[in-house]
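Written below as structure tokens is the structure these notes are about.
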């Protein structure tokens, strides 16, 4: 793969100068959805699929971008003097946002670079292709220009650029998982203070199967920001009766005691999901430590039901995939993953049932939706870095 991309890079940009190679994974969140901006826990893992990057430093301030996934766009040119969001810039707003974010944090880049990327993450799948490109760009900026910045700081810069440059009010989970992933481990992250631990995620006789709904979604245009503001309104109401900063501070019992202080029934439902999902995530990691994968799967299913009924971010596509999965032989658990409004489900499926699972779920989905879902059997991989 890398050799092929280097060849393409030289065809596009010439063979002069030192070429550097990078990889940043996609991520799947196993449980803990829409908790990251509510000060709760999440449990993501980096994937073996992701974004490859080939880059070379320039002597001028020009930026040249090319994506093997959007070949029809050709080389998109910009410069360090033009670090403004531009819808016509398409995917290049993610690397430009990272250059801007580094500069805002006092790490100004004085020279441009040529970049070729190629992603093996399905576009708009909810597997964090945007965070993958952001963290990849952060790693290459650190490497090319020698900035002393940790992987955690790169993740935070990715979140900052997504929030302030690209206008998506996301939490820290996606960038953190992409930057900090570890092969065969998921990350149990407390988003309130960024404390984390690695939890082994090697399944015996089972695999992670992703089902991509192929419903395209744009986070900035979706109801994602609306959900976040509904949670913020719930916190504001609760602050009239208690000291609280995040919904993730509440237990289920405490929430039930104070929930009527949230004036809007809709905001109350959103808050219920955030509180209960946080507790589900804590319980799921405890179950995994006990090697109780059946309980982990049950909590995954409960997570989807809450996202469907209380948070209302699933839709017919994801519901069809998850609810069909629950009925299949060998399925331990299945739920939507990512922001919702399209994207993917994640299922844990016994290895001897995977072929039947893909066939049966695929046929039912095709019959109901009129178009196909795509399925990926994935491994848990390492976080972003330089590729030797």
Worksheet item: How long, wide and thick is the range 180-296, going by the Cα atoms along their three principal axes, in whole angstroms, largest first?
Response: 49, 36, 26
Worksheet item: When only Cα pairs under 8 Å and 6 or more residues apart are kept, what is the percent relative contact order across the range 206-378?
Response: 33
Item to complete: May I ask for the percentage of alpha-carbon pairs in the range 279-331 that lie more than 14 Å from each other?
Response: 57
Worksheet entry | Label point distance in nm, residue 207-residue 283, each placed 7 Å from Cα along Cα→Cβ | 3.0
Discussion item. How large is the Rg to Rh ratio of the range 15-81 when both quantities use alpha carbon positions and Rh follows Kirkwood?
Written reply: 1.14
Response to the item:
Computed from the beta carbon distance with a Förster radius of 35 Å, FRET efficiency for residue 252 and residue 87 to the nearest 0.05 stands at 0.25
Response to the item:
Of 234, 155, 353, the most mobile residue in a GNM of the chain (C-alpha springs, cutoff 10 Å) is 353
Worksheet item: Once label points are set 7 Å from the Cα along Cα→Cβ at both residue 1 and residue 145, what is their separation, rounded to one decimal in nm?
Response: 2.7
Worksheet item: Semi-axes of the range 262-369's equivalent ellipsoid from the Cα gyration tensor, sqrt of 5 times each eigenvalue, largest first, rounded to whole Å?
Response: 25, 20, 8
Worksheet item: Out of every Cα pair in the range 128-185, what percent are spaced more than 16 Å from each other?
Response: 38
Discussion item. Order 269-278, 201-210, 109-118 from most to least packed using the mean count of other Cβ atoms within 10 Å.
Written reply: 269-278, 109-118, 201-210
Worksheet item: So what is the 222 nm mean residue ellipticity for the chain from helices alone, if each DSSP H run of at least 4 adds -39500 (n - 2.57) and you divide by all residues, rounding to the nearest 500 deg cm²/dmol?
Response: -13000 deg cm²/dmol
Discussion item. Between residue 360 and residue 77, what is 0.36 nm times their sequence separation minus the Cα-Cα distance? Round to one decimal in nm.
Written reply: 97.3 nm
Item to complete: Averaging sequence separations of C-alpha pairs under 8 Å and six or more residues apart, then dividing by the length of the chain, give the relative contact order as a whole percent.
Response: 24
Discussion item. For the range 106-184, what does the relative contact order come out to in percent, with C-alpha contacts under 8 Å and a separation of six or more?
Written reply: 28
Worksheet item: Any number yet on Rg/Rh for the chain, C-alpha, Kirkwood?
Response: 0.98
Fill in: Most to least packed among 60-66, 179-185 [average Cβ atoms within 10 Å]
179-185, 60-66
Item to complete: Given the options 340, 248, 68, state which has the largest fluctuation in a GNM of the chain using a 10 Å cut-off (strictly under) for Cα springs.
Response: 68
Worksheet entry | Listed peptides 307-318, 24-35 by packing density, highest first (mean Cβ within 10 Å) | 24-35, 307-318
Practice prompt. With label points built 7 Å along Cα→Cβ from the Cα atoms of residue 61 and residue 243, find their separation and express it in nm.
Written response: 4.9
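A short reminder: the numbers here are calculations on the coordinates, not readings from a lab. Bear in mind the structure is a predicted one, so any value in this text is a computation, not a measurement. Cβ: placed from backbone, ideal geometry, glycine included. Neighbour counts: every protein chain shown.
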